[in-house]
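The values are calculated or read from the model by the stated rules, or taken from the named source; none is laboratory data. Treat the numbers as computed from the prediction; the structure is a model and nothing was measured. Cβ: placed from backbone, ideal geometry, glycine included. Neighbour counts: every protein chain shown. Accessible surface areas use protein heavy atoms only, side chains included; no ligands, DNA or RNA. Shrake-Rupley method; radii C 1.70, N 1.55, O 1.52, S 1.80 Å.
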Amino acid sequence: MIDPTRQLRPVRALLRAAALCAVVACSGGALAADLVIALKTEPSSLDPQYHALTPNIQVSQTLFEPLVCNGTDLELQPCLAESWAVDGKVWTFRLRPNVKFADGSPFTANDVVFTFDRVPKVPNSPSSFKIYQQHIVKVEAADPLTVRITTDVPYPLLVNNITGLPIMSAKAAAGPAPEGKTTTQLNAGDGLVGTGPYRFVSWKRGSEIVFERNPHYWGTAPAWDKVTYRPISNPAARVAALLSGDADLIEDPPTDDLERLRKNPKLNVATKASVRVIYVALDQHGDKTPGVEGADGKNPFRDKRVREAMSLAINRAALVDRVMSGVATPAAQLLPYPMFGTSKRLAQAARPDPVRAKALLAEAGYPNGFSLVLGSPSGRYINDAKVAQALASMWTRIGVKTTVDATAPSVFFKKRNTYVFSAYMAGWATSTGELSNTLNSLLVTPNKEKRVGTTNRSRYSNLAMDKLVEQAGTEMDAGKRGELLRQAGEMAMDDFAMLPIHFEQSVWAMRKGLSFAGRADQMTLAQSVSGK
């Protein structure tokens, strides 16, 4: 819904500017203003440790900061930690001095200890942040500005992983529950205090999330007095909001509209190749699976030949060209080559072969195919429902009669996480820039103690692959680690453990005068938007 007060915003801005000029001399420089960003997906929570999901993480990073940050291309950058060093299994982080939280309290090593301690205590996490704490056995404050993290084995990925852990205030987030302030309390703003460039004002679910500039921010002051995130799941509605002035910047406009938007002299369009892979997961857990009929009561996806047939039926190049309007790249693995740990052999997606696909189905005992329901979000990824429908059409042609259950992201993820689907389409983007995090999250056998397999909803299990990924996780030699990951990735893809479809290219459209470079992790960060 368009906010009727939005039309009054320019007038109010002029009145504020006039009032300020009446008190101080105006030099002609641009005054800071409000920024409205239209998001394609509303976060499921503002608790920065509840759900490891991009819509949640990008909003939390407006308020919070990790020890180490990722740049636009996932390069590591000092953040709350100025420097770090490793000696065997002990990592030492020197913290940035004179940093304050948004409530004015000082940031110290105790806040880091509290943050790391809270992660495993957060209940009912759909995708736990424990994936970023692998091998950590101790986090301690050596002094107010020094943190020591001890791992049970040499662990080269520790710095990469902690980019995903925003630091909370031990003072503000403390509470009687095991995790301190609960997710419900944090969603209401109670304890939602970070060191980031903005601080929390309000959240009206389904309508808007409002932040204002953090006066205690240690870094360069952000450009905007107030930032409003507005969830608008319909792509056409996001474009309408931009064109009407109800939004200043929008995520992922419809691919069919890109040429028109680029030609509009009042707009800027930014694109960025991303690390997000869109994939199909197939349930390989039990002898039976929900949503499948005509397979004699069996789970057909436990047969590799069926999984291969499903992959061979997909014309990835046509899907990218016709459904995605070229704003994607066909995928044959879970991270674009040549990123760390990827395979040169899998740099190009295989051509479709429906004849071979039908033959494989017959070999597996399904000459007449079967029927299934493909789960998909609608509005979470670029053209997600359209992509799902295209996949359904391609599978139906080889005899796997497919219908699509496309629902709002919150509904989809709830169904996915409770194993309602035998097959579902989703996406994954790593913030570490290498394959290990993706494999550990999506395909390694789920293991709560080892904090792996946290988003393995197909419940795929390959102990040989698990061993390679685990060996890579403790290999300090980068060359050897990359080779282990390559082998693990190829093993999984040769087994059709998961069906990669394409890598998204992200698009942002904004009013003229604004600039946003875009990020490989697809995050839309208000503090990175400049202009007037």
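Here are the numbers for the structure shown:
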| item | result |
| --- | --- |
| Residue among ASN268, THR108, GLY453 farthest towards the positive dipole end of the chain, charges placed on Cβ | ASN268 |
| Accessible solvent surface per residue of the chain, calculated while the other protein chains remain in place, 1.4 angstrom probe, Å² | 41 |
| Accessible carbon and sulfur surface of the stretch 143-290 relative to its total accessible area, %, 1.4 Å | 52 |
| Overall form of the chain per C-alpha gyration tensor (a/c, 1.5; a/b vs b/c) | oblate |
| Charge tally in the Cβ shell below 11 Å around LYS288, where Lys, Arg are +1 and Asp, Glu are -1, LYS288 excluded | -1 |
| Residues in the stretch 362-378 reached by a label modelled at ARG397 [backbone nitrogen below 15 Å; 7 Å Cα→Cβ] | none |
| Straight-distance crosslink candidates among aspartates and glutamates, where the alpha carbon sits under 15 Å from LYS89 and sequence neighbours closer than 8 are dropped | GLU140, ASP152, GLU475, ASP477 |
| Computed [θ] at 222 nm, helices only, for the chain once each DSSP H run of length n ≥ 4 contributes -39500 (n - 2.57) | -7500 deg cm²/dmol |
| Global form of the stretch 333-407, assessed from the alpha-carbon gyration tensor, a/c cut-off 1.5 | oblate |
| Cα extents of the stretch 440-532 along the three principal axes, largest first (Å) | 54, 31, 27 |
| At R0 = 56 Å, FRET efficiency that the Cβ-Cβ distance of ASN368 and SER528 yields, to 0.05 | 0.55 |
| Relative contact order computed over the stretch 57-140 (Cα-Cα under 8 Å; 6+ residues apart), in percent | 14 |
| The stretch 376-435, relative contact order [Cα under 8 Å, separation at least 6], % | 39 |
| Neighbourhood net charge (11 Å Cβ-Cβ; Lys/Arg +1, Asp/Glu -1) for LYS121 | 0 |
| On Cα atoms only, tilt of 54-63 relative to the major axis of the chain in degrees | 20 |
| Cut-off of 10 Å, at most 13 other beta carbons, DSSP loop: longest stretch of the chain lacking such GluC sites (Glu not before Pro) | 76-448 |
| Coil-residue trypsin sites (Lys or Arg not before Pro) of the stretch 310-399, DSSP, other Cβ within 10 Å capped at 14 | LYS344, ARG345 |
| Cα pair distances in the stretch 92-208, grouped into 10 Å bins until the bin that holds the longest one, percent each | 13, 41, 36, 9, 1 |
| Carbon/sulfur fraction of accessible area - the stretch 426-496, other protein chains in place, 1.4 Å, % | 50 |
| Rh (Kirkwood; distinct C-alpha pairs) - the stretch 265-333, Å | 15.1 |
| The chain, dipole about Cα centre (Lys/Arg Cβ +1, Asp/Glu Cβ -1), debye to the nearest 20 | 900 |
| Rounded FRET efficiency, nearest 0.05, which uses the C-beta distance separating SER325 from ASP34 and R0 of 35 Å | 0.65 |
| Fraction of beta bridges assigned by DSSP in the chain that are antiparallel (%, nearest 5) | 75 |
| Charge sum, other residues only, whose C-beta stays under 11 Å from GLN522's C-beta, Lys/Arg counted +1 and Asp/Glu -1 | 0 |
| Cα-based shape type of the stretch 414-461, given that a ≥ b ≥ c are square roots of the gyration tensor eigenvalues and the cut on a/c is 1.5 | oblate |
